[in-house]
1. For a quick check of your reading of the model, give me the residue pairs whose first member lies in segment 182-201 and is within 19 Å of residue 171 (Cα to Cα), whose second is modelled with pLDDT of 80 or more and in a loop (DSSP other than H, G, I, E, B), with beta-carbon atoms closer than 6 Å and at least 6 apart or on different chains.
2. Output the number of the condition that residue 41 fails; it satisfies all remaining conditions of (1) closer than 27 Å to residue 252 by Cα; (2) surrounded by 20 or more Cβ atoms within 10 Å (Cβ to Cβ).
3. Checking residue 229 against (1) modelled with pLDDT under 90; (2) farther than 22 Å from residue 146 by Cβ, which single condition isn't satisfied?
4. For residue 14, work out the one condition from (1) buried (at least 20 other Cβ atoms within 10 Å of the Cβ); (2) under 20 Å from the mean Cα position of the chain (by Cα); (3) within 28 Å of residue 237 (Cβ to Cβ) it doesn't fulfil.
5. Just to confirm my filter: which helices (runs of 4 or more DSSP H) fall fully inside segment 216-329 and include at least 2 residues that are closer than 25 Å to residue 56 by Cα, free of Cβ contacts under 8 Å to residues at least 24 places away in the same chain and over 15 Å from the mean Cα position of the chain (by Cα)?
6. Only one of 113, 109, 83, 96 is more than 27 Å from residue 253 (Cα to Cα), surrounded by fewer than 15 Cβ atoms within 10 Å (Cβ to Cβ) and either touching a strand residue (DSSP E or B) at 6+ places or on another chain (Cβ under 7 Å) or in contact (Cβ under 8 Å) with a residue 60 or more places away in the chain (or both). Can you tell me which?
7. Could you tell me which of the residues 182, 175 is modelled with pLDDT under 80, exposed (fewer than 13 other Cβ atoms within 10 Å of the Cβ), in contact with a helix residue (DSSP H, G or I) (Cβ under 9 Å, 6 or more places away or on another chain) and more than 28 Å from residue 81 (Cα to Cα)?
8. What's the number of the condition residue 300 fails, among (1) touching a helix residue (DSSP H, G or I) at 6+ places or on another chain (Cβ under 6 Å); (2) surrounded by fewer than 18 Cβ atoms within 10 Å (Cβ to Cβ); (3) closer than 20 Å to residue 53 by Cβ?
C-alpha cells in the first residue's frame, strides 16, 4: 500500500476513533430523549450556512487574484478552496493546505510568485479578522478558558495584534530585512534560502495588502463573512435541538476562539483538539448528553465533507502521483 493510501486510511481511522470516543464519553441518560427532539431542517440550514461561507471564500479569492492583475474562473476558485481542505486535513498542522492552494492557482494560470503571495494574504486576512474579534469575545465571555484569566488572554491578543502591525511596518520600511539576515546567520544555506523565499513572499503579500486599500477592505469583509457563516453551523444545529435561549454572541465568540486556536495546532486539521475543545467550551450550552454528537456533526459538515470534495478535485486535476509526492515531502 503506497504512502497516499496509508495516510488516507490513517486519517479515516483517526477521525472515526476520535468521533466515537467523543460521543462515548459524553452520552448520558438524557441523550436519547434530547436527540429525538432534533429537527432535521437544521441540517439543511447548517449546510446552507457552510455553502454561503464557501461562496464568500471563493469570492474573496477571485477579488484577490484580480487585485494581482490575474484572472481565474469561479470553478477554478472552487478547486482551490476544496483542495485546501483536502491536503490540510492530511498533513500535520494543516501545512498541506497552502501547497494545495499554490498548485491549484498555478494550474489556473497564476504565476508561482503571485500564487504564493495570494496564499499568504488569504491566511493573514483570516487570522487578522479573528485577532480583531478577540477583545470583544474576552469582554463578553468571562472565564472562557478555565484557569486562565481573560486579562492574560487579552494581553496575548494585544501582543499578537501589535506583532502583526510591527510585521507590516517593518517589512514596508525594510527594517525586517536586517533582522531576518541577522537571525539566519548561523543557519545552513538551504534553510536560509527557504526562509528568504518565504520572507520575500510575505513582503510581497504585505505590499499587495497596502497597494489597493479599498479593494482589500472588500476582501477583508468577505474573509469575515466566510468565517462567520462557517462558524454559524453550530447555532444552526443548536436550533435543531430546540435551544432558543442561548447567548448567540457567546456561542459565536467561542467558535471564533476555538478556530483561532486550531490555526496553531499540530494535528492534521486540528483533529482531536477541535472536538475536545468544543466539548469543553459548549458542555454547558448544549442539551445534556448531546455535546459530543454536535461536535462530530460540526466537524463533519465544516471539514470532512469539504475534505471529500477536495479529494475528488485533487485526484481529478493532478492524479494520485501528485498527492504521493506532496505527502512524501
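1. Every condition considered, the pairs that remain are 192/184; 195/184.
2. (2)
3. (1)
4. Unmet for residue 14, out of (1) buried (at least 20 other Cβ atoms within 10 Å of the Cβ); (2) under 20 Å from the mean Cα position of the chain (by Cα); (3) within 28 Å of residue 237 (Cβ to Cβ): (1).
5. 305-318
6. Criteria check complete, one pass: 113.
7. That would be 175, the only listed residue that is modelled with pLDDT under 80, exposed (fewer than 13 other Cβ atoms within 10 Å of the Cβ), in contact with a helix residue (DSSP H, G or I) (Cβ under 9 Å, 6 or more places away or on another chain) and more than 28 Å from residue 81 (Cα to Cα).
8. (1)
The values are calculated or read from the model by the stated rules, or taken from the named source; none is laboratory data. None of these values were measured; they are calculated from a predicted model. Ideal geometry is used to build each Cβ from the backbone, glycine not excepted, and the neighbour counts take in all protein chains shown.
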